[in-house]
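Take a look at the structure below.
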Amino acid sequence: MTKVCHFSSAHAPNDTRIFHKQCASLAREGYDVTFVVKAKDSSSVGTTTEKGVQIIQVPVDSSSRLKRMLFGAKAVYQKALEVDADIYEFHDPELLPYGIKLKRRGKKVIFDSHELYAVQLRQKPYLPGWCTRIIAFGYARYERYVLRRLDGAIFPCTVNGEDPFAGRCPHTALVDNSVKLEDFYERYDPEAVRNQDQICLTGSLTEARGITSAIRAAASAKCTLALAGPISPADYEAQLRKMPEFSSVDYRGVLAKDQVAALLQTSRVGLSPLLNQGQYWKAENLATKICEYLAMGLPVVMNGSAYNRAFVERWHCGICVDSENVEEIASAIRYLLDHPEEARQMGENGRQAVREEFNWGVEEKKLLALYEEIFKE
């Protein structure tokens with residue numbers, strides 16, 4: 001049986017993309033799968049098995065980002081090395097040097113780049129503004145150097161119509177973050193009662209994801225905005241709570257997947273007002289939260305990237321807006337709330353899109369094809 005080891009020093013043991021989607025799919029396909037990851041906390045250190053995947057949680061000092069990147073990455077790599085797998089897949093840019101080390105040991109190695117890190121580094125609030133371009137440039141050059149030596153690279157989608165790693169790595173695949181049908185689509189209840197004026201926004205809640213605009217728009221539209229997910233950084237949450245419009249917010253905190261599904265089931269509109277920053281405007285795919293909204297029958301108010309506009313034109317399941325134009329967002333929200341039958345039909349159209357194209361069953365095939373291609377080489 002082919003042994004596969006995924007490893008990460010930055011993600012959680014229950015990460016949706018890594019564990020619930022990729023590792024679980026590979027295990028179902030018959031691979032012997034191990035996931036080596038930084039421990040959730042000190043009590044979680046050790047080995048467990050779930051969904052046919054062996055999960056090894058390694059103690060990592062995450063008291064600072066630098067400590068995690070320098071020492072945590074090494075600790076996770078050393079434990080992954082003990083697995084002695086045939087194929088390794090890693091998920092964090094800080095692990096690139098260890099991809100090279102694994103290749104020198106004769107292993108097959110894949111890098112799953114969850115983001116365009118060379119672009120996103122220019123947007124990181126923890127980096128001094130004067131040095132972001134230098135760091136991003138240096139990272140891009142090093143990433144290219146490593147990719148040429150690995151066996152495969154994965155990215156969620158095309159950028160400007162192209163696979164960003166094509167020609168840089170021997171084998172590439174575009175594997176999106178689309179929803180698992182059982183997580184949301186199959187939980188949908190057409191008879192559920194939706195709160196009269198509740199809209200929602202879920203996932204990571206950062207300024208770049210348009211949270212400030214969303215709160216102001218909800219207040220202007222005179223509705224309740226249910227927020228769910230981690231707000232970061234901490235001072236951003238404090239800033240939001242000082243806004244007079246925050247009185248329109250019902251902040252639910254960080255919710256489990258079934259709780260998110262329940263929240264979507266009681267809402268009437270889903271928001272995804274990503275700002276025109278970093279990779280958000282370049283990536284040609286749907287934000288994961290949009291797929292979740294659509295799966296639960298919600299019409300979506302989303303940012304007006306070229307990809308989103310083409311998607312809405314094709315599927316007629318939402319309204320595209322300027323994410324920095326609060327009144328335009330508010331007007332779109334109000335329109336959907338005031339036209340429930342049209343909003344319901346948009347929701348049904350969105351569910352059809354998810355059922356036919358935007359689900360993990362479609363993406364899983366691309367992942368499995370990449371593994372088969374690399375292993376047979």
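The values are calculated or read from the model by the stated rules, or taken from the named source; none is laboratory data. From a predicted model like this one, the values you see are computed outputs, not experimental measurements. In this analysis, Cβ positions are derived from the backbone assuming ideal geometry, glycine residues included, and neighbour counts consider all displayed protein chains. When the accessible area is computed, the model is the full protein with side chains, heavy atoms only, and any ligands, DNA or RNA have been set aside. Shrake-Rupley method; radii C 1.70, N 1.55, O 1.52, S 1.80 Å.
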Exercise for review: Give the residues of the stretch 59-111 that are at pLDDT 95 or above, open to solvent by 10 Å² or more (accessible area, probe 1.4 Å) and not in a helix (DSSP H, G or I), sorted by residue number.
Suggested key: ASP84, ASP86, ARG105, GLY106, LYS107, LYS108
Point to revise | Count of residues meeting criterion [open to solvent by 20 Å² or more (accessible area, probe 1.4 Å) and free of Cβ contacts under 8 Å to residues at least 40 places away in the same chain] in the stretch 271-294 | key: 1
Review point. Pairs, please: C-beta under 8 Å, at least 6 apart or cross-chain, first residue among the aromatic types (Phe, Trp, Tyr) and in the stretch 174-196, second open to solvent by 70 Å² or more (accessible area, probe 1.4 Å)?
Key: TYR185/ARG355
Check your understanding: Among the residues of the stretch 341-367, how many are farther than 22 Å from CYS157 by Cα, among the basic types (Lys, Arg) and in contact with a strand residue (DSSP E or B) (Cβ under 7 Å, 6 or more places away or on another chain)?
Key -> 0
Check your understanding: So, of the residues in the stretch 221-273 that are of a type in the set (Asp, Glu) and outside any strand (DSSP E or B), which turns out to be nearest to CYS320 (Cα to Cα)?
Key -> GLU245
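This table checks each residue for (1) touching a strand residue (DSSP E or B) at 6+ places or on another chain (Cβ under 8 Å); (2) at positive phi; (3) at pLDDT 95 or above; (4) among the β-branched types (Val, Ile, Thr).
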residue: ALA228; (1), (2), (3), (4): yes, no, yes, no
residue: MET243; (1), (2), (3), (4): no, no, yes, no
residue: GLY253; (1), (2), (3), (4): yes, yes, yes, no
residue: LYS289; (1), (2), (3), (4): yes, no, yes, no
residue: ALA295; (1), (2), (3), (4): yes, no, yes, no
Practice item. Inspect all residues belonging to the stretch 14-24 and state whether any of them is more than 25 Å from PRO164 (Cβ to Cβ), of a type outside the set (A, V, I, L, M), open to solvent by 20 Å² or more (accessible area, probe 1.4 Å) and part of a loop (DSSP other than H, G, I, E, B). Key: yes
Review point. What number of residues in the stretch 139-165 are surrounded by 13 or more Cβ atoms within 10 Å (Cβ to Cβ), more than 19 Å from the chain's Cα centre (by Cα) and not in a loop (DSSP other than H, G, I, E, B)?
Key: 8
Check your understanding: Residues in the stretch 32-58 that are open to solvent by less than 80 Å² (accessible area, probe 1.4 Å), in a loop (DSSP other than H, G, I, E, B) and out of contact with any Pro (no Cβ under 8 Å at 6 or more places or on another chain): how many?
Key -> 2
Check your understanding: Taking TYR293, is it out of contact with any Gly (no Cβ under 9 Å at 6 or more places or on another chain) and among the hydroxyl-bearing types (Ser, Thr, Tyr)?
Key -> no
